[in-house]
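Before any comments, here is the structure.
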Amino acid sequence: MAKISNLQRIYQALWARFRELTRNSHDDKGYVANLEDNLLPGVDPELIRTDFEKGNGNELNRKILAVHSSSALAANTFGFWKTDPAKLMILNRIGFGPPDLEWKPETWFNSSPPNLDVLLESTENVIGIESKFTEPLCKTLPEIQQSYIRKSFINCDDAWWNLLEAARTWKRSYFDVAQVIKHALSLFNTFRDSRHVHLVYLYWAPLNAVDFSEYKFHADDVQKATDIVRRSDVKFISMTYSELWTQWLGNPNLKNHAENLRKRYEITA
């Protein structure tokens, strides 16, 4: 029997957990027939559709239907709070309005603004969240087009611009640094008030992540980027979904949803 890749190994474990919990079916590539089949209890599919219809990624056409979809993971985690955002807490902060999924800046220097998985706003804080599921198991080459020049992003501080220039020469990596940089630029351009702005890189990993070399290399590159932007006004924080859900377990308002998320997504591959 041919050896399967680490990515396929994780897919199979996620698909098996999905079938065990939901009794729903999926095709041989892990896709369900309807959005509703991929959402956790309490997540309103119509509210999810409304947000994703404004995005540029055509997620509703296919991507979000994958059991292993990062956009579905973000929708299941944060879409739950669209009708009751007062209970939501992240980075020890509360008071947010309804999570905005597939947020993009109203103005951008070209016709392709980046779509951020989740945006949270309160009177004191802005938190952008980039969600990753199985993507850190695949290498990508950073794509920073030559059209990204400093005068188009006059509000960007030196720290993030230094990371952008460094990323132009990065080799293929398990961490998509270019995508994170573009989200930081969109936050710089959009939020110029006195609120605290954070960009959270929220990624999933199996319980036995130490068995996968990809996650070690991924962590190394995340740390490299973190060190470069450490003194920026847009604070960069990386954390795993499991770390977030563990924090939620200690809060009575968040505990039940966190338990449902862990049942669905925390697996050993």
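DSSP loop (so not H, G, I, E, B), at most 15 other Cβ within 10 Å: list which GluC sites (Glu not before Pro) in segment 61-137 pass both filters.
Values: sites: GLU102, GLU106, GLU121, GLU124, GLU130; in loops: GLU106, GLU124.
Answer in residue order: GLU106, GLU124.
First compute the accessible area of the chain with a 1.4 Å probe, then give the percent of it belonging to carbon and sulfur atoms. Could the numbers behind the result be given before it?
Values: 6110 of 12970 Å².
On the chain, the fraction of accessible area on carbon and sulfur atoms equals 47 percent.
Which whole-number percentage describes the relative contact order of the chain, with Cα contacts under 8 Å and a sequence gap of 6 or more?
18
Sorting check: for 183-190, 227-234, which peptide has the highest mean count of neighbouring beta carbons within 10 Å, and how do the rest follow?
Values: 183-190: 23.0, 227-234: 15.8.
Answer by packing, highest mean first, reads 183-190, 227-234.
For the full complex of protein chains and a 1.4 angstrom probe, list TYR11, TYR215 by accessible area with the highest value first. Can you show the working numbers first?
Numbers: TYR11 40, TYR215 20 Å².
Result, largest first: TYR11, TYR215.
Kindly identify segment 142-269 as rounded, prolate or oblate by the Cα gyration tensor criterion: order the square roots of the eigenvalues as a ≥ b ≥ c, call it rounded if a/c is under 1.5, otherwise compare a/b with b/c, prolate if a/b is larger, else oblate.
oblate
Quick one: what are the phi-derived ³J(HN,Hα) couplings along segment 264-269, Karplus 6.51/-1.76/1.60 with θ = phi - 60°, whole Hz, x for glycine and proline?
Per-residue couplings from phi come out as 6, 10, 7, 9, 10, 9 Hz.
Going by the alpha-carbon gyration tensor, a ≥ b ≥ c the square roots of its eigenvalues, is segment 119-208 rounded (a/c under 1.5) or, if a/c is not under 1.5, prolate (a/b greater than b/c) versus oblate? Kindly include the intermediate steps, with their values, before the conclusion.
Details: a/c = 2.87, a/b = 1.16, b/c = 2.47.
Note, shape of segment 119-208 comes out oblate.
Keeping every protein chain present and rolling a 1.4 Å probe, give me the accessible area per residue for segment 125-269 in Å².
With the other protein chains kept in place, segment 125-269 gives 46 Å² per residue.
Which of the lysines could a cross-linker span from LYS171 if the Cα-Cα distance has to be under 20 Å and same-chain partners fewer than 8 positions apart are dropped?
Partners found: LYS132, LYS139, LYS182, LYS216, LYS224.
Taking the Cα-to-Cβ direction at ASP211 and at LYS171 and moving 7 Å from each Cα, how far apart do the two end points lie in nm?
Inter-label distance under the simple model: 2.8 nm.
How large is ³J(HN,Hα) for each residue in segment 109-118, as worked out from phi by the Karplus curve 6.51 cos²θ - 1.76 cosθ + 1.60 (θ = phi - 60°), to whole Hz, x for Gly and Pro?
Using θ = phi - 60°, the values come out as 6, 9, 8, 10, x, x, 9, 8, 4, 9 Hz.
Over the heavy atoms of CYS138, what accessible area does a 1.4 Å probe trace out, to the nearest 10 Å²?
So the heavy atoms of CYS138 present about 60 Å² to solvent.
Using a 1.4 Å probe and counting only protein heavy atoms, arrange LYS263, LYS235, LYS182, LYS3 so the residue with the most accessible area comes first.
LYS3, LYS263, LYS235, LYS182
What accessible surface, in Å², does a 1.4 Å probe find on LEU39, ignoring ligands, DNA and RNA and rounding to the nearest 10?
We get 20 Å² for LEU39.
The values are calculated or read from the model by the stated rules, or taken from the named source; none is laboratory data. Just so it is clear, the structure is predicted and the values come from calculations on it, not from any experiment. Here the Cβ is made from the backbone with ideal geometry for all residues, glycine too, and neighbour counts use every protein chain on show. When the accessible area is computed, the model is the full protein with side chains, heavy atoms only, and any ligands, DNA or RNA have been set aside. Shrake-Rupley method; radii C 1.70, N 1.55, O 1.52, S 1.80 Å.
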